[in-house]
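The values are calculated or read from the model by the stated rules, or taken from the named source; none is laboratory data. This structure is a prediction, so every number in the text was calculated from the model and none was measured. Methodologically, a virtual Cβ is constructed for each residue, glycine included, from the backbone with ideal geometry; neighbour enumeration extends over all protein chains shown.
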């Protein structure tokens, strides 16, 4: 059975379980993703993202984020994705990204994780939201958890954290419902 791993360049936030649960409910990969505007389109309809829903409903507080931290996370995700696909040009890597990539490579070697999909956008066709799981795949041996955060740090170390709370999906779906009701009935 597939496992979802979300890559974080630092400590996993308290809402990570809800994000992972939402990703685990993605059931269709026939979605168009436009990176420049971070928009997802499914059957001609623009859908909210998992992160957008969590932000709108107050789970994610962006006041503590700065542009470099956000960009660093994006660069690390891209480096890991290109590394998985054998397309990484290491000469182009910023020195600050290298330890995170080293941590990721160590995790891959230590765990034996086999990637089925990396950075493939998807949609939940029932609740009409979209997202992009970082990694979907499997470990060589069955695991109890199906959702994990992989914390990478600037000391080339990693920590794999399992998420197995069955309430996470219900909490995210409640947030989706509130988000959609507000969108439908509230102006401004």
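The residue that is surrounded by the most Cβ atoms within 10 Å (Cβ to Cβ), counting only those in the range 38-48 that are under 15 Å from the mean Cα position of the chain (by Cα) and in contact (Cβ under 8 Å) with a residue 40 or more places away in the chain, is 40. Number of residues in the range 1-19 that are under 16 Å from residue 59 (Cα atoms), outside any loop (DSSP other than H, G, I, E, B) and out of contact with any helix residue (DSSP H, G or I) (no Cβ under 7 Å at 6 or more places or on another chain): the value is 1. In this structure, residue 90 qualifies as surrounded by 11 or more Cβ atoms within 10 Å (Cβ to Cβ), farther than 28 Å from residue 143 by Cα and out of contact with any strand residue (DSSP E or B) (no Cβ under 6 Å at 6 or more places or on another chain). Taken together, 82, 100 contain a single residue that is closer than 29 Å to residue 156 by Cβ, free of Cβ contacts under 8 Å to residues at least 40 places away in the same chain and either buried (at least 18 other Cβ atoms within 10 Å of the Cβ) or within 17 Å of the chain's Cα centre (by Cα) (or both), which is 82. Of 115, 149, 123, all but one fail to be within 23 Å of residue 28 (Cα to Cα) and surrounded by fewer than 20 Cβ atoms within 10 Å (Cβ to Cβ); the exception is 115.
Restricted to strands (runs of 3 or more DSSP E) entirely inside the range 111-181, those with at least 3 residues that are within 24 Å of residue 82 (Cβ to Cβ) are 114-118, 135-138, 147-152, 158-163.
For residue 176, state whether it is within 16 Å of the chain's Cα centre (by Cα) and under 19 Å from residue 38 (Cα atoms). Against the criterion (within 16 Å of the chain's Cα centre (by Cα) and under 19 Å from residue 38 (Cα atoms)), residue 176 does not qualify. Scanning the range 147-165 for residues that are on the phi > 0 side of the Ramachandran plot and at pLDDT below 95 turns up nothing. Go through (1) loosely packed, with under 15 Cβ neighbours inside 10 Å; (2) over 15 Å from residue 176 (Cα atoms); (3) without any contact (Cβ under 8 Å) to a residue 60 or more places away in the chain for residue 58 and report which single condition fails. So residue 58 meets the others, but not (2). Could you tell me whether any residue of the range 94-102 is out of contact with any strand residue (DSSP E or B) (no Cβ under 6 Å at 6 or more places or on another chain), modelled with pLDDT of 95 or more and within 21 Å of residue 35 (Cα to Cα)? Yes, the range 94-102 contains a residue that is out of contact with any strand residue (DSSP E or B) (no Cβ under 6 Å at 6 or more places or on another chain), modelled with pLDDT of 95 or more and within 21 Å of residue 35 (Cα to Cα).
If I filter the range 61-71 for residues that are farther than 17 Å from residue 8 by Cα, surrounded by fewer than 16 Cβ atoms within 10 Å (Cβ to Cβ) and without any contact (Cβ under 8 Å) to a residue 60 or more places away in the chain, do I get at least one hit? Checked against the condition, which is being farther than 17 Å from residue 8 by Cα, surrounded by fewer than 16 Cβ atoms within 10 Å (Cβ to Cβ) and without any contact (Cβ under 8 Å) to a residue 60 or more places away in the chain, the range 61-71 yields at least one hit.
Yes/no matrix, rows are residues, columns are (1) touching a residue at least 40 places away in the same chain (Cβ under 8 Å); (2) buried (at least 19 other Cβ atoms within 10 Å of the Cβ); (3) closer than 17 Å to residue 134 by Cβ:
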residue	(1), (2), (3)
20	yes, yes, yes
29	yes, no, yes
36	no, no, no
50	yes, yes, yes
54	yes, yes, yes
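With respect to the conditions (1) in contact with a strand residue (DSSP E or B) (Cβ under 8 Å, 6 or more places away or on another chain); (2) within 28 Å of residue 138 (Cα to Cα), residue 70 lacks only one, and its number is (1).
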